[in-house]
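A short worksheet on the structure shown next.
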Amino acid sequence: MFKKLYQWTLSLAESPHAPWALGIIAFAESSFFPIPPDTILVPMSLARPNRAFFYALICTLASVAGGILGYAIGALLYATLGRWLIHLYGYGARVDDLRALYAHWGWAFILIKGLTPIPFKIVTITSGLLAYSLPLFILLCLITRGARFFLLAALLNRYGAPINGLLEKYFGYFLLILAAAVILGFVIAAHLA
């Protein structure tokens, strides 16, 4: 069953519409969507390892654009949508703590959390809410998201064939690990500031 699912995933990754889907998921994940773009970046890069860096560029630019939307949600819509999203991820009671943290370490918060499985929308919405410098926010997002996606692309480009063979054999375990990483990100987000 998992082998058929894996083959179906790879066939979707080879679709001419896959880069658009990748961009949409990366954009949405940075502002409101819970699923990381890695779920489509990995099979796309495995299906076409020579395009892994192009796919990483799509992820990076779309993620930063989505981050700007998340920033706007925090800056302009916090009383409605922003507050709901922040509470959903367990940060509602920590806004004052985040305000103090951002005053001194906002740049580090953005850089570090942008590399982790912690939902990036927390960073983007919080940055807008706390009126973090928008140009600096965009620059830091480009650095951290670019590092994350280009590192993954480099690994997939270099070791794509062996990874592809392992994934074909152990795709069910890969899905479990991916689901665990997403859940871990939410748990970490709910318990750490």
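The values are calculated or read from the model by the stated rules, or taken from the named source; none is laboratory data. As the structure is a computational prediction, the values presented were derived from the model and not from experiment. Here Cβ is always computed from backbone atoms with ideal geometry, including for glycine, and neighbour counts include all displayed protein chains. In case anyone asks, the SASA skips ligands and DNA or RNA and just uses the protein heavy atoms, side chains included. Shrake-Rupley method; radii C 1.70, N 1.55, O 1.52, S 1.80 Å.
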Handout entry: Considering residues of the stretch 113-138 that are part of a helix (DSSP H, G or I) and modelled with pLDDT under 90 only, the residue most open to solvent (accessible area, probe 1.4 Å)
Key = 129
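Residues checked against (1) without any contact (Cβ under 8 Å) to a residue 40 or more places away in the chain; (2) small (Gly, Ala, Ser):
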{"site": "52", "(1), (2)": "no, yes"}
{"site": "58", "(1), (2)": "yes, no"}
{"site": "63", "(1), (2)": "no, yes"}
{"site": "79", "(1), (2)": "yes, yes"}
{"site": "100", "(1), (2)": "yes, yes"}
Handout entry: One residue from 56, 26 being out of contact with any Ser or Thr (no Cβ under 7 Å at 6 or more places or on another chain), modelled with pLDDT of 80 or more and closer than 28 Å to residue 135 by Cβ
Key = 56
Fill in the blank from the handout: Checked the stretch 43-58 for anything touching a helix residue (DSSP H, G or I) at 6+ places or on another chain (Cβ under 7 Å) and under 13 Å from residue 154 (Cβ atoms); matches are 45, 49, 52, 53, 55, 56
Practice task
Determine whether residue 36 is part of a helix (DSSP H, G or I) and out of contact with any His (no Cβ under 7 Å at 6 or more places or on another chain).
Solution key: no
